Structure formats: structure tokens, C-alpha cells
1. For segment B:27-51, how many residues are more than 7 Å from every other protein chain (Cβ to nearest Cβ) and either touching a helix residue (DSSP H, G or I) at 6+ places or on another chain (Cβ under 8 Å) or modelled with pLDDT of 85 or more (or both)?
2. Please state which one of A:138, A:94 is farther than 30 Å from residue B:123 by Cα and either more than 19 Å from the chain's Cα centre (by Cα) or surrounded by 18 or more Cβ atoms within 10 Å (Cβ to Cβ) (or both).
3. Would you mind finding the one in A:172, A:121 that is part of a helix (DSSP H, G or I), at pLDDT below 90 and surrounded by fewer than 19 Cβ atoms within 10 Å (Cβ to Cβ)?
4. Restrict the check to segment A:103-111 and report whether at least one residue is surrounded by fewer than 17 Cβ atoms within 10 Å (Cβ to Cβ), outside any helix (DSSP H, G or I) and within 12 Å of chain B (Cβ to nearest Cβ).
5. Residue by residue through segment B:105-138, note down the ones that are surrounded by fewer than 18 Cβ atoms within 10 Å (Cβ to Cβ) and part of a helix (DSSP H, G or I).
6. Looking only at strands (runs of 3 or more DSSP E) that lie completely in segment A:11-102, which have at least 2 residues being within 7 Å of chain B (Cβ to nearest Cβ)?
7. Restricting attention to segment B:139-158, which residues are more than 7 Å from chain A (Cβ to nearest Cβ) and either touching a strand residue (DSSP E or B) at 6+ places or on another chain (Cβ under 8 Å) or crowded, with 16+ Cβ neighbours inside 10 Å (or both)?
8. Residue by residue through segment B:113-130, note down the ones that are more than 10 Å from chain A (Cβ to nearest Cβ) and either free of Cβ contacts under 8 Å to residues at least 12 places away in the same chain or over 16 Å from residue B:147 (Cβ atoms) (or both).
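The values are calculated or read from the model by the stated rules, or taken from the named source; none is laboratory data. As the structure is a computational prediction, the values presented were derived from the model and not from experiment. All Cβ positions, even for glycine, are placed from backbone atoms using ideal geometry, and neighbour counts span all protein chains on display.
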């Protein structure tokens, strides 16, 4: 058998193979960006300190029962009405007697402006579905977001999402995100503890 | 005189592509190493809810996940089909939340500890009871920044 001279392997296609792999990894790397609704929990209740008294007109109580029905201030309500209701409650444009009082507060840039003392309290049953809770939460968040955006447009002519620094703080303080992650209605039963 | 010889019609030499594979491989390895595939394998089913008011989670290293949902099929026999908690790679009970938060905090730089966000990744069919319990535990250990994981949607839920 005649020994053939070693032919050089053609490396030209190597690049193609590598590119193929590269593109595969580029495509599969989804960089899975999770999105989420950001909230802040209230600090743990301190002993011996009573929760501050809140006047009834300053509270919008949103309840979701075990069958996922929504009740706002003891009136059953559809999910799609909540945003409007919350906006009406927080803004209280006509300063109605049954809606929250306003208190002047010092806010950067805007100075001394009336800030609503309204609080939306969202409470659920242990058997409420998480999705429903999140949907209601979402509607409430949207109410605040829309009010902030409107205020931002009025004061600065810019959308709230584009604000930065002091301006952002000003609007955020003028229209606080007053949704309380309320204490559970029933005392926490030990489930799985 | 003619120091500068007029070039004849010499063909331009072909650019060697021999190093091209090396360059591409370099890129390939870069992507292979960067793609950590660090997603823990979930032992529970999480169907994410949808919402409009969501933001991208920034600074991934500061986000710690609490997963809540029903176990996947092969764990059903042992754990039932009710929602349970998964922390890192293990199933956990509500009482494990506080130690876990503290352990995760210890792993972080001291300067970042206050910025830790707990992401609640919850199946949309889960009942609120367990979620409330987890939230109460988080409050106890002062892990107050939370975020509810949800997919962004532009249309309303109703």
C-alpha cells in the first residue's frame, strides 16, 4: 500500500461550523428578563404600638373573597371599574366630604402642595386566587400610575416614566403609592408550619 | 530615476481566512461561558400571571426568588398537589423563609444587603393563604422590598 502524503485538512468550513454554534447560543440565550410588580411591605408591627387611627373617609377597602369576588367599601364591583374608582378616591377632585382629606406637605420643586391622605387597603381571603389578587393590585397600581402621569404632564410636560431625580421624587411624593399590603384578615393560621 | 516602480498588474493577495475560526471560536466560548444557564430547575409548576404595571428586574444578583406553586407531576405523590414553596433547589416550609433570607443576605456584600429584593414567583392558581404567610415571614426579617413576578402584557385583564 502506497503511503499517501498527509493532505492538509481544509479548515475553511471550520468557521461555518463555529458560526452555526455561535448563532445557536445567541438564539438560545434568552437572557430571561423577568418582569415584576414592585411593592414594598410595611415594616413589622411593633409591640405595644397601636396602629394609627385612620378615618373612615380616608380608606378605600378592597376585599377579595374566597370566590374571587371583589368588594369595594362593601359594594360588589367588577375588576374593570376599580381603576376609575381608585382614581376618583385618590384624586378627590371636587374635595367631596366622603372622600379623603388633603394635607399640605412639603414636596421638592412643587413646594407646599396638598397631598391626599387616602389609603387603599387590599385584603384577601386565604382562599383567594393569587392571579385575582395580582390583577386587582395591578388595577390599583395603574390608578396611581395614571394619576402620576397626568400630574407629571401638567407640572413638567413630561411623562412620569421619563422623569428623573428631583422631579421624580416630587411627583412620587405628591401622589404617594398608598396601597397597603394589609395584615391578613384572619390571624395567620399555621399552614404547613 | 524611477525609484518607484510602477506596479505591474499583480493581483492583490487573498486575505487569509485561516484565523477566522479562531475569532469565531473566541466569540463562541465567550457566549458559552456567559450563558450560565443558572436557572434553577424548578420542581414546581409556575404559570406566571399577567399584568401591565410591571418593570424589568434590574441587577439580578440582588434578586432572590421565592417560588410557590404545585409540585411537578413526579413529586405529586409525595407532596400532594397543593402549592408549596421552593427556595433555591429545595422544597421548603414557611418557617424556612426567615433563615433562608438571612443566609442569602450573608452571601451578599454588606453594602448591598439593604437593596435585596425578594421576588415572589407564584403560580397564578395558587391560593393567597400561603402567599400571605410568606409575606408575613418576610416582614419579620425586614425583607421589605418585594416584587411579584408577572409577564408584561399590554392588554387589560378583563
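1. The qualifying residues number 7.
2. Values: A:138 fails: farther than 30 Å from residue B:123 by Cα.
When all the criteria are applied, what remains is A:94.
3. Selected residue: A:172, the only one of A:172, A:121 that is part of a helix (DSSP H, G or I), at pLDDT below 90 and surrounded by fewer than 19 Cβ atoms within 10 Å (Cβ to Cβ).
4. At the first step, the residues of segment A:103-111 found to be surrounded by fewer than 17 Cβ atoms within 10 Å (Cβ to Cβ) are A:103-106, A:108-109, A:111.
Retained after the next criterion (residues that are outside any helix (DSSP H, G or I)): A:103-106, A:108-109, A:111.
Now drop any that are not within 12 Å of chain B (Cβ to nearest Cβ), which leaves none.
The answer is no, given that none of the residues of segment A:103-111 is surrounded by fewer than 17 Cβ atoms within 10 Å (Cβ to Cβ), outside any helix (DSSP H, G or I) and within 12 Å of chain B (Cβ to nearest Cβ).
5. B:105, B:106, B:107, B:110, B:111, B:112, B:113, B:114, B:115, B:136
6. On the way: elements: A:35-40, A:59-64, A:70-72, A:75-77.
Result: A:35-40.
7. Scanning segment B:139-158 gives B:141, B:143, B:153.
8. Within segment B:113-130, the subset more than 10 Å from chain A (Cβ to nearest Cβ) is B:113-116.
Hits for segment B:113-130 are B:113, B:114.
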